[in-house]
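Single-structure report; data block below.
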Amino acid sequence: MKTKLIAPSLLSADFGNLQRDIEMLNESQADWFHIDVMDGRFVPNISFGFPVMKTVQQHAKKFVDVHLMIVEPDKYIDEFINHGADLISVHYEACTHLHRTIHHIQNRGAKAGVVLNPSTPVLMLEDIIADVDLVLLMSVNPGFGGQKFIENTYKKIAETKDLILSNNSTALIEIDGGVNLDNASKLFDAGADVLVAGNAVFSAESPERMIELLKI
Ligand code: DX5
Ligand code: ZN
């Protein structure tokens, strides 16, 4: 997988025109579709589930990156893969048996990522870093789009990079929350491989142009 990727979050799309927004992303320089699934239990908000995944599966022509912000993610992993997920990320804080969950995702043929909330230290990944395909660092507290970026994320990127290098891991680093034109190039320079952007893309006058600018 190449680096410097942009993954627009469909959470900020226009659900009345979802197919139109998906097709816009197909034609744009966006690399991945980022799908934010919230259950109202792990996070204080509910987003969407399989009916939206079905529309994504029908129309999206790019890599589908699913971020599960749900308790007991194991119950739903197979169904997300059946609905076209190429990568599934689960929260460290939501998985009692993270090693089992990561290997289950991979055995089903998808890539597997682990997500850390802003207050969870990177060192918790020491014994799983060699197994994961991606580390997703939350740069806001998950639950809502359009929040302010937490600056401590830069320190966590550096720590994650060190952990990856010292374990010969091939994991990508993805950043999620409050990404915009003020921080995107700094985040890539700090070592991020994939940036999620919801509000920045979908509230822009030209989402396609914003995606291009976020990559510069
Ligand atoms: C936060 C979600 C995000 C988020 C990104 O709970 O995981 O993907 O909505 O949105 P922006 O870019 O608007 O912060
Ligand atoms: Zn997300």
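Bear in mind that the values in this text are calculations on the coordinates, not laboratory data. Note that the structure is predicted; figures quoted are calculated from it, not measured. Cβ atoms come from the backbone with ideal geometry, glycine included; neighbour counts cover every protein chain shown.
When region 49-71 is limited to residues that are assigned to a loop (DSSP other than H, G, I, E, B) and in contact (Cβ under 8 Å) with a residue 24 or more places away in the chain, the one that is nearest to ligand 2 (Cβ to nearest atom) turns out to be I70. Scanning region 29-48 for residues that are more than 14 Å from ligand 2 (Cβ to nearest atom) and over 15 Å from the mean Cα position of the chain (by Cα) gives Q29, G40, R41, P44, I46. Determine if region 127-136 includes at least one residue that is more than 16 Å from ligand 1 (Cβ to nearest atom), in contact (Cβ under 8 Å) with a residue 40 or more places away in the chain, out of contact with any His (no Cβ under 7 Å at 6 or more places or on another chain) and not in a helix (DSSP H, G or I). Yes, because at least one residue in region 127-136 is more than 16 Å from ligand 1 (Cβ to nearest atom), in contact (Cβ under 8 Å) with a residue 40 or more places away in the chain, out of contact with any His (no Cβ under 7 Å at 6 or more places or on another chain) and not in a helix (DSSP H, G or I). When region 47-60 is limited to residues that are within 15 Å of ligand 1 (Cβ to nearest atom) and of a type in the set (A, V, I, L, M), the one that is surrounded by the fewest Cβ atoms within 10 Å (Cβ to Cβ) turns out to be V52. If only residues of region 137-150 that are out of contact with any helix residue (DSSP H, G or I) (no Cβ under 7 Å at 6 or more places or on another chain) and either of a type in the set (S, T, N, Q) or not in a loop (DSSP other than H, G, I, E, B) (or both) are counted, the one that is farthest from L123 (Cα to Cα) is Q147. Answer yes or no as to whether T55 is closer than 26 Å to V122 by Cα and hydroxyl-bearing (S, T, Y). Against the criterion (closer than 26 Å to V122 by Cα and hydroxyl-bearing (S, T, Y)), T55 does not qualify.
Restricted to region 156-216, the set of helices (runs of 4 or more DSSP H) holding at least 3 residues that are near ligand 1 (Cβ under 10 Å from one of its atoms) comprises 199-202. Might you let me know whether region 155-169 holds any residue that is within 16 Å of ligand 2 (Cβ to nearest atom) and under 27 Å from L25 (Cβ atoms)? Within region 155-169, not a single residue is within 16 Å of ligand 2 (Cβ to nearest atom) and under 27 Å from L25 (Cβ atoms).
With respect to (1) of a type outside the set (G, A, S); (2) within 11 Å of ligand 1 (Cβ to nearest atom); (3) within 19 Å of V196 (Cα to Cα); (4) surrounded by fewer than 16 Cβ atoms within 10 Å (Cβ to Cβ), the lone exception for P44 is condition (3).
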